1. What percent antiparallel are the DSSP beta bridges of the chain, to the nearest 5?
2. Over the residues of the chain, compute the C-alpha Rg and express it relative to 2.2 N^0.38 Å.
3. Considering all projection directions equally, how large on average is the shadow of the alpha-carbon convex hull of region 5-124, in square nanometres?
4. Give me the three principal axis extents of region 136-228 from the C-alpha atoms, as integers in angstrom, largest value leading.
5. What is the angle, in °, between the Cα long axis of helix 162-173 and the longest principal axis of the Cα atoms in the chain? Nearest 10 is fine, range 0 to 90.
6. In what sequence, highest mean first, do 156-163, 75-82 appear when ranked by Cβ atoms within 10 angstrom?
7. What share of the DSSP beta bridges in region 1-56 is antiparallel, in percent to the nearest 5?
8. Let me check against my output: what whole-number percent is the relative contact order of the chain, with C-alpha pairs under 8 Å and at least 6 apart?
């Protein structure tokens, strides 16, 4: 079995050591970097299945590195979990807007971070195809293929993050149903997943932008949440 590489970009040696010891039973191949520049060099040498990225780094900060990762076609699909002592909602929103898949505030339990990594890795895996299981959805020009992990609007391939893809798949699976923000996150991340309403709104805003003309199909239900307006046409 090929080991999944987890790249930890963290300049605190104590935290590096703590994570290394906590993750040694997971069967992952751990890659360590102490700066953003070192992290980029590590990715050039060896691909990673998930990146743990601190914001406060020497030299290039985590937000700048995240921008570079999402601009690189080879690296943009790697899930990024940001870790930082800066727990203000504004920082979380910025990270999510830039394309982070998750956000963990220090001090955190290594078990919590490991659970978040497992969830990120699961979202990357192709769903097992069972007899009769639906993996294709279409609404007007919008088409999603879960088996291939691809979404198209007309002939255009949509560049969606793992969270945006999961949200779109959930909406397409349940057209015309209204979901609260908590129910949306529970559906794609599991129950009791900590997240703010503002964070969910940012994810929906990003998805709408990437859907272009089809973005209006995601309706805001004031005081409740969101609904995907079906076209009535397969």
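1. Rounded to the nearest five, the antiparallel share is 50 percent.
2. Numbers: Rg = 18.1 Å, N = 234, 2.2 N^0.38 = 17.5 Å.
The chain yields a ratio of 1.04.
3. With every direction weighted equally, the projected area is 6.6 nm².
4. Largest to smallest, the principal-axis extents are 35, 25, 20 Å.
5. Long axis of 162-173 versus the principal axis of the chain: about 20 degrees.
6. Sorting 156-163, 75-82 by mean packing, highest first, produces 75-82, 156-163.
7. 0 percent
8. Reported as a whole number, the value is 14 percent.
Readers should treat all values here as calculations from the given coordinates under stated rules, not as data from a laboratory. Worth saying up front: this structure is predicted, and the values here are computed from it rather than measured. Note that each Cβ is placed from the backbone with ideal geometry, even for glycine, and that neighbours are counted across all protein chains shown.
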